[in-house]
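Let me begin by presenting the structure, written as structure tokens, before commenting on it.
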Amino acid sequence: MKNFVEIFLGILTAMGGFVEVGELVFSVNAGAKFGYHLLWVSLIGTVGIIAYCEMAGRVAAVTEQPVFNLIRERAGLDVGLVTLVAANAVNLLTCTAEIGGIAIVWQLLSGWPYRWLIVLAFLFLLLSVWFLSFQWIERVFGLLGLLLVVYLFAAVYLRPDWRQFAAGFVPRVPHLETTKDYYVFAYFAVALMSSIMLPYETYFYASGAIEDGWKPSDITLNRVICIVGFTLGSLLSVALVVVGAQVFLPRHIEPQLPGAAALGPALMFGRLGLILALLGMFFAFAGAAIETAMSGAYNLAQFFGWPWGKFRPARDAARFTLTWAITFALSALIIVTGVDPVSVVEYSIVFSVVILPFTYFPVLVVAGDRGVMGPFANGWLANGLGWFYLVLITIAALLAVPLLIITHGGQG
Amino acid sequence: MQDYLDIVRQVLDHEVVDSNNVPCGMVDDVEVEGEPGGELRVTALLVGAGAWANRLPRLFGAAAKWVFGGRRTRVPWDEVSVITERIKLRSRATELGLGIADRKASRLIRGLPGA
């Protein structure tokens, strides 16, 4: 019974914690620009994040080693340090974007001044992580992020053309008018995949496995949570693409602000739909802000061998605690200067894909090492998927920055 | 059972934990002793920014020491009790002069409610 509850809660929190501000913006925009033609990218990204989180969780359960421990050990000091700096810069950017997203949502709900709401969001996040245990952080933000399920209902009620919808899952490039349009399509494909496979998710997931005290006996739990939880979570991302395609594409609107996505449920279910969508977005963004700030702290602590984890009292993991608190403070400072949160989202997504190969390679090597993992080492499927995705994200990483420049951030 | 130890692969850049399993740094470098042409012997683990910064290109090393400080703690090889994915020591971190920065940082937050 305990196992069943654990699996059920794990699946729901993985689903509710799947969407964050970057994924929301890019999914809705992908639908608004290209209809269902990018759905196959959501599918590819989802299988990728399942494959790598499953491996990282399995390694953590067997060796009690989180991702940056492995990076330091396998990639060495120099490459590891470059990855650490880049990963934490991206974590900071993502956290900044999430805090901006929270303030936007709160402003839509309350009408209060945006800058004051940033300060309130900072205090809310700081106090939440300080006072809540790891398990409660996962549950509160993961489960309440499930309010985003309203997008699933909205997507169905919007009556998409199911034939076109299903055809969107077959990888192909649509016929477009100009060469520039093809570049924009490629940019959105790379950004959408990156937004689903954000590196912090792997850092947080593996560290969470150790926070939860997973042992080799929890490998099935790990597998079920990854496969079922992330698949259900990706349905939310697919629903956002449908909302973009059904609400914005016919009206030739490019929804720039995260709040615009709430129009879908609002059109279908009125005031209640709008409020549920905004509350779901708030909990999803807040959960992601916490995960990115904590990932920054996990990464530094694991790379330099500091005591870490919410399972320790804050005073016994002081540098870890100060790091996540400082990450929140820096993120709030950046966004309060008036930087456009959507631009921050864009940079965080594009630079995320650049560091993905450096994050995934050590995980793949250790997960496949029989000397370390024994009978729990990768089988042919995990190895095959691991190498396929490593090649794919390396190509995406090489294309990401040139595409960002050529398309002026997807503007064409 | 393996009858040799690959210091670079199995010791360097691995996590160090004290006798209570509390993390207290990484093996940032190793100290070896010996003569040219003769046998080399590992005599100590070196832990701290002062050790790893020396392994970086000079400019980056200097920047790292400026940011993290140049402290380097020498842990005699005899202190190593178990080598797995992490290196376990026989004594507590405080007895070996490890984890000082964390204890200093701890003073900043110790008085707060819930710490």
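For the reader, a short list of remarks on this structure follows.
- Note on residue A:215: accessible area is roughly 100 Å² with a 1.4 Å probe, heavy atoms of protein only.
- Given charges at beta-carbon only (K, R positive; D, E negative), |dipole| of the protein assembly as shown in Debye: 920 debye
- Positive-pole candidate from A:14, A:305, A:86, dipole of the protein assembly as shown, charges at beta carbon: A:14
- 10 Å binning of all Cα-Cα separations within chain A, expressed as whole percents from 0 upward: 5, 24, 35, 26, 9, 1, 0
- Ordered from largest to smallest accessible area (heavy atoms of protein chains, 1.4 Å probe), the residues A:323, A:394, A:292, B:84 come out as B:84, A:394, A:323, A:292.
- Our helix-only sum for chain A, with -39,500 (n - 2.57) per DSSP H run of n ≥ 4 divided by its residues, gives a mean residue ellipticity at 222 nm of -25500 deg cm²/dmol.
- List B:58, B:74, ordered by accessible area with a 1.4 Å probe, largest first: B:58, B:74
- Positive-end extreme of charge dipole, chain B - chosen from B:27, B:100, B:115 (charges on Cβ): B:115
- Computed on protein heavy atoms with a 1.4 Å probe, the accessible areas place B:26, A:268 in the order A:268, B:26, largest first.
- Going from the isolated chain to the complete set of protein chains, the stretch A:281-305 loses at least 30 Å² of heavy-atom accessible area (1.4 Å probe) at A:304, A:305.
- In the complete set of protein chains, residue-level accessible area for residue A:391 is approximately 90 Å², probe 1.4 angstrom.
- A 1.4 Å probe run over the stretch B:1-106, with the rest of the protein chains in place, finds 59 Å² accessible per residue.
- One Cα centroid belongs to the stretch B:53-93, the other to the stretch A:1-45; the line between them spans 41 Å.
- Chain A, relative contact order in percent, only Cα pairs under 8 angstrom and at least six apart counted: 37 percent
- For the stretch B:14-50, accessible area lost to neighbouring protein chains reaches 40 Å² or more, against the chain alone with a 1.4 Å probe, at B:15, B:23, B:26.
- When the stretch A:265-412 is reduced to its Cα atoms, the Kirkwood hydrodynamic radius in Å: 19.0 Å
- Between chain B and chain A, the total buried accessible area stands at approximately 2500 Å², from heavy atoms with a 1.4 Å probe.
- Helical segments meeting 30 Å axial Cα length and Kyte-Doolittle 1.6 threshold in chain A (DSSP H): A:341-367, A:380-406
- Dipole magnitude for the stretch A:257-412: computed about the Cα centre from +1 point charges on Lys and Arg Cβ and -1 point charges on Asp and Glu Cβ, it is near 360 debye.
- Accessible surface of residue A:253 - all protein chains present, 1.4 Å probe, nearest 10 Å²: 70 Å²
- Angle in degrees between helix B:58-68 and the longest Cα principal axis of chain B, rounded to the nearest 10: 40 degrees
- What chain A shows is 38 Å² of accessible area per residue, with the surface traced by a 1.4 Å probe over protein heavy atoms.
- Within the accessible surface of chain B, defined with a 1.4 Å probe on protein heavy atoms only, the carbon and sulfur portion equals 53 percent.
- Using bins of 10 Å that start at zero, the share of Cα-Cα pairs per bin across chain B amounts to 13, 39, 33, 13, 3, 1, in whole %.
- Only protein atoms count toward the accessible area here, which uses a 1.4 Å probe; on the stretch A:125-187, the carbon and sulfur part of that area reaches 64 percent.
- Pair residue A:109, residue B:68: separation of 7 Å Cα→Cβ label points (nm): 4.1 nm
- Within the listed set A:106, A:130, A:308, the residue fluctuating most in the Gaussian network model of chain A (springs between alpha-carbon atoms under 10 angstrom) is A:130.
- Working from Cα pairs under 8 Å separated by at least six residues, relative contact order for the stretch A:257-412 is 15 percent.
- Within a Gaussian network of chain A (alpha carbon springs, distance under 10 Å), most fluctuating of A:240, A:77, A:356: A:77
- Surface share of carbon and sulfur [accessible, 1.4 angstrom probe, percent] for the stretch A:279-412: 74 percent
- Inter-probe distance in nm under a simple model that places probes 7 Å from Cα toward Cβ, at residue A:254 and residue A:398: 2.8 nm
The values are calculated or read from the model by the stated rules, or taken from the named source; none is laboratory data. From a predicted model like this one, the values you see are computed outputs, not experimental measurements. Positions of Cβ are backbone-derived with ideal geometry, glycine not excepted, and every protein chain shown enters the neighbour counts. Only protein heavy atoms, including side chains, enter the accessible area calculation; ligands, DNA and RNA are left aside. Shrake-Rupley method; radii C 1.70, N 1.55, O 1.52, S 1.80 Å.
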